[in-house]
Amino acid sequence: MFQMVLKWFRFTYNKIISSIAFIPAIIALSFLLLSFIMVQFDFSEAGKSIKSNAHWLSLKDASTARSIISTITGGIISLTVFSFSMVMILLNQAASQMSNRILDKLIGNRFQQTVLGFYIGTIVYALFLLSTIRDINSGIYVPAISTYLLIALSVIDIFLFVYFLHYVTQSVKYGTIIHKIHDITRKSLEKSCTIQSNTDIHLSQQEGTIINAYKSGIFQGFTYDGLLSFCKKQDIVIYFFYPSGTMVLQNNPLLGIKGKANLPEDLEKDLKSLIDIHRGQNIESTYYYGFRQLMEVAIKALSPGINDPGTAVLSLQALGDLLAFRVQNFPVTHIKDRDNVVRIIVKERTFEEIFEECIYPIWDYGKEDRLVLNELLHVLLQLQKQCEQPVIIKFLKIVQSALTEQNI
């Protein structure tokens, strides 16, 4: 039961922090707190003294203060609506011409969220400030200091908007998106593929106790520390039948257990609570998604409706670099506890599988395009120099044969 609750909290936490509204909400709450502090300072003895001595800070007319705040509020609201609309239009364009799987990279951009949060925070600050103005002739109870700070914030908003226009137009360029996917995938590869030799072994699904998938969905992996602790406590070895990123059906075999003939129902529930099966493509946890997204961008660019081989070439270049790293580095498949005992054996996609699943679809769409063929030849020749993989040699002959037939 505790593991189920912990899993729910972990899933909810990841969903919240990856939401487009997370950072804007935090910033808006911060501005609300700032407005409260500034108003308290404005009406404090120190604030009254400053306003009495500094005549340029004395804003005695309450209606003037209301007009300033109302004008700024309306302007920033218009600025926010325009910024949101522009982002939505660009996201729609990127999804229609590249792949809707890349939207997470654009929506999750922290700078865009920060700018939008600053806009919303300024609006929250202004609305709270507007509710504190009092009609008193002395002007001491008009929050002048807070109002001048609002004016400064609105100036910052304008400069942020100008930079926001530049940043958004640059961030939705195809090359920028491809490089971003490449960089995230490369970091995930470096994190996962840390050994220089392949130690994978293949176990029969008939070995040990079989545990079925508790629901249909994408197998995303497992809670590393939790499952390792579970295996050590129960003195068992768990081996998975599928690599992460694989679609599994409910009640189909998902993993096997060696060390126990039968697993009690309560322990089986605890075990399943440590297994993640849900939607989504998180490259940070599964590098294979990065390969897939680059492949999808390439074939979408080569579709008759888009017809942009230049974008496909950029995707091929990124895939070539990632494949070059993967062919020389292997993921850890045998996870050991602190006593150096193997407790978890995961299944990983081989280089051949990744190559065939990501390069062959591009070949199917672009085998008659001169730019794509030349880039494929260039990438394959460089990959062959790094490793004499049969799948590379085989496909290189296919590409060379196609070039010969087309007299390129």
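Output the peptides 44-50, 121-127 sorted from most to least packed, where packing is the average of other Cβ atoms within 10 Å over each peptide's residues.
In descending order of packing, they fall as 121-127, 44-50.
Of the listed peptides 286-299, 246-259, what is their order by residue-averaged count of other C-beta atoms within 10 Å, with the highest listed first?
Details: 286-299: 24.4, 246-259: 15.9.
Peptide ranking by packing, descending: 286-299, 246-259.
Under 20 Å from a point 7 Å along the Cα-to-Cβ line of K385: which residues of region 314-351 have their amide N that close?
Residues 314, 316-329 qualify, since their backbone N sits under 20 Å from the label point.
Is the shape of region 204-271 rounded, prolate or oblate, going by the alpha carbon gyration tensor and its root eigenvalues a ≥ b ≥ c, with a/c under 1.5 for rounded and a/b larger than b/c for prolate?
prolate
Kyte-Doolittle mean at least 0.0 and Cα extent at least 15 Å along the axis: which DSSP H helices of the chain qualify?
2-17, 22-42, 62-97, 110-130, 144-171, 288-301, 309-328, 370-386, 390-405
Can you find, among F222, L249, S63, the residue farthest towards the positive end of the dipole of the chain? Put +1 on the C-beta of Lys and Arg, -1 on that of Asp and Glu.
Value computed over the given set: S63.
Order of 392-405, 271-284 by packing, highest average Cβ count within 10 Å first?
Listed from highest to lowest mean packing, they are 271-284, 392-405.
Given springs between every Cα pair under 10 Å in a Gaussian network model of the chain, which of P143, P264, P390 has the largest fluctuation?
The residue that fluctuates most here is P264.
Between S303 and D61, what is the spin-label point distance in nm, taking each point 7 Å from the Cα along the Cα→C-beta axis?
Going from the S303 label point to the D61 one covers 5.9 nm.
Estimate the FRET efficiency between D364 and F159 by the formula 1/(1 + (r/R0)^6), using the beta-carbon distance for r and 60 Å for R0, to the nearest 0.05. Could you put the intermediate results ahead of the total?
Working: r = 48 Å, r/R0 = 0.80.
FRET efficiency, D364 to F159: 0.80.
Relative contact order for the chain: what is it in percent, counting Cα pairs under 8 Å that are at least 6 residues apart?
17
Classify the chain from the C-alpha gyration tensor, please: rounded if a/c falls under 1.5, else prolate or oblate depending on whether a/b exceeds b/c.
On the way: a/c = 3.39, a/b = 1.64, b/c = 2.07.
Judged from the Cα gyration tensor, the chain comes out oblate (a/c at least 1.5, b/c at or above a/b).
Which is farthest toward the positive dipole end of the chain among G280, Y239, N109, measuring Cα position about the Cα centre, with Cβ charges +1 (Lys, Arg) and -1 (Asp, Glu)?
Positive-most Cα among the choices belongs to N109.
Straight-line reach only, C-alpha to C-alpha below 19 angstrom: list the aspartates and glutamates that K191 could link to, leaving out same-chain residues fewer than 8 apart.
Excluding near neighbours in sequence, the set is D183, D200, D225, E284, D321, D337, E348.
Please work out the FRET efficiency for the pair F22 and Q406, using the Cβ-Cβ distance as r and a Förster radius of 51 Å; give the result to the nearest 0.05. Before the final figure, lay out the partial values.
Values: r = 51 Å, r/R0 = 1.00.
According to the calculation, E is roughly 0.50.
Read the figures in this text as sums done on the coordinates, not as results from a lab. Only a predicted model underlies this, so the values are computations on that prediction, with no experimental measurement involved. Ideal geometry is used to build each Cβ from the backbone, glycine not excepted, and the neighbour counts take in all protein chains shown.
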